[in-house]
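Student: Let me begin by handing over the structure; questions about it come next.
The values are calculated or read from the model by the stated rules, or taken from the named source; none is laboratory data. Since we're looking at a predicted model, the values are computed, not measured. Neighbour counts run over all protein chains shown; Cβ positions are idealised from the backbone, glycine included. Surface areas here come from the heavy atoms of the whole protein model, side chains and all, with no ligands, DNA or RNA. Shrake-Rupley method; radii C 1.70, N 1.55, O 1.52, S 1.80 Å.
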Amino acid sequence: MTLTLVVLIAAQAQAWQVTVDSLAKNGQFSGVVLVAQHGAPVFERAYGMADREAARANDLETSFNLGSINKLFTSIAIEQLAAAGKLNIDSSLARAWPDYPNQDVARRVTIRQIREHRSGIQGNIFAAPPGKTRHDVVTLQDYFELFKNEPLQFEPGSRQQYSNAGYLVLGLLIERLSGENYYEYVRRHIYEPAGMTHTGSWRIDRWPANTAIGYTRGGEDAPANAPLQRNADLLPGKGSSAGGGYSTAHDLLHFLNAVREHKVPNAPAAGMIGIAGGAPGLNAAMEGDLPGAYDVIVLANLDPPAATRVARLIRSALAP
């Protein structure tokens, strides 16, 4: 690396720090920011509190809720099973899952349509089971029971509409075709090959010690001066194939590096990875191989757009 490039990176890092410091001071960011170039960190900082009541600060090894970033791992798992000859992505769901409870749905949608949010499968996975609480939703089957009898919301392939329910179906399909529990499958076939040792889905009462508690003001549209509240009551008992797992910034960088080194079979190219996740009290963003061979990973334990705003500002600064 030339001296000129070192100076340029240092100047950029200083500018990023000033920006994020200002957002954190104003209560608009709490979390971790990591910028890497050629797979090595050139800027990494932690801000704010992981647990405000316990006065525990976020640090570079804190685990954060990823929200929908987990969908990327589910999509990779589907590609792996297709490559192994266990499913045809363009076949109907009924062919891959003959006894799917709603046969009208199963006959009309394809695996590809589900993965691309074009299937018409919809349902409220954020509900609580009758007579129970959100914390009682701990398995993929628990989630599935919330929507399995819902009709299609539109003709498959006719439009695109974001579908958490569809990714629950994919998670259960992974279990059926692999013979493995979904969480074990992604651990063995994605996390372990990538060297992701601090990534997983845990019961809400069994989080690892250094896990960030989410804090919400009531969602993205809430007043900026609304009081912060823990988001625990809004969370399911455990994350799913649609989202809600946990990871660290360093583990996500391990993942991007492993993708570049072809250690994660059937993963998309790092330059094709640009994904975010968010819900009350959590926000995360990951982008690989941006101009200049940069990766940007931002994890936050506040409402959106806490992380995506920072990622967008950094990406804009990197634009040629």
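Student: Report the label-to-label distance for K25 and D99 in nanometres (one decimal), using points 7 Å from each Cα along the Cα→Cβ vector.
Tutor: Once both label points are built, they end up 6.3 nm from each other.
Student: If each residue of separation counts as 0.36 nm, what is the full-extension length gain between A226 and A55 once their alpha-carbon separation is subtracted? Numbers along the way, then the final one.
Tutor: Details: separation 171, 0.36 × 171 = 61.56 nm, distance 2.04 nm.
That works out to 59.5 nm of additional length.
Student: Let me ask you something else. Can you bin region 246-289 into rounded, prolate or oblate? Criterion: square roots of the alpha carbon gyration tensor eigenvalues sorted a ≥ b ≥ c, rounded for a/c under 1.5, prolate for a/b above b/c, oblate for the rest.
Tutor: Because a/c hits 1.5 or more and a/b exceeds b/c, region 246-289 counts as prolate.
Student: Using the membrane-span-like helix rule (whole DSSP H runs, Cα extent along the own axis of at least 24 Å, mean Kyte-Doolittle hydropathy at least 0.0), which helices of the chain qualify?
Tutor: Going by DSSP H runs, the hits are 3-25.
Student: Would you please give the FRET efficiency between D205 and E44, computed as 1/(1 + (r/R0)^6) with r the Cβ-Cβ distance and R0 = 25 Å, to the nearest 0.05?
Tutor: Once the sixth-power term is evaluated, E becomes 0.25.
Student: Over region 203-320, average the accessible area per residue using a 1.4 Å probe and give it in Å², no decimals.
Tutor: 40
Student: How many nm separate the modelled label positions at E184 and N149, each set 7 Å beyond the Cα in the direction of the Cβ?
Tutor: That separation, rounded to one decimal, is 3.1 nm.
Student: Whats the longest run of the chain with zero GluC sites (Glu not before Pro) that are DSSP loop and have at most 16 other Cβ atoms within 10 Å?
Tutor: On the way: sites that count: E53, E61, E116, E145, E180, E220, E261.
In the chain, the maximal stretch lacking such sites is 262-320.
Student: Can you compute the charge dipole magnitude of region 125-174 about its Cα centre, using +1 on each Lys and Arg Cβ and -1 on each Asp and Glu Cβ, nothing else charged? Give it in debye, rounded to the nearest 20. Could the numbers behind the result be given before it?
Tutor: Details: 4 positive and 5 negative charges, 18 e Å.
My answer is approximately 80 debye.
Student: Related question: Let me have the 222 nm mean residue ellipticity of the chain computed from DSSP H runs of 4+ only, each contributing -39500 (n - 2.57), with the sum over all residues rounded to the nearest 500.
Tutor: After summing the helix terms and dividing by the residues of the chain, the value is -9500 deg cm²/dmol.
Student: Just the accessible area for R187, please: 1.4 Å probe, Å², rounded to the nearest 10?
Tutor: 80
Student: What is the distance, in nm, between label points placed 7 Å from the Cα along the Cα-to-Cβ direction at E192 and at Y162?
Tutor: Output for this residue pair reads 3.3 nm.
Student: Ignoring any ligand, DNA or RNA, what whole percent of the accessible area of the chain comes from carbon and sulfur when the probe is 1.4 angstrom?
Tutor: Here it works out to 51 percent.
Student: Filter the cross-link list K238/K263; K148/K263; K86/K263; K71/K238; K25/K71 down to pairs whose alpha-carbon distance in this structure exceeds 24 Å.
Tutor: With Cα atoms farther than 24 Å apart: K238/K263; K148/K263; K25/K71.
Student: From the square roots a ≥ b ≥ c of the eigenvalues of the alpha-carbon gyration tensor of region 203-320, which class results: rounded (a/c under 1.5), prolate (a/b over b/c), or oblate?
Tutor: Taking the square roots of the gyration eigenvalues as a ≥ b ≥ c, region 203-320 is oblate.
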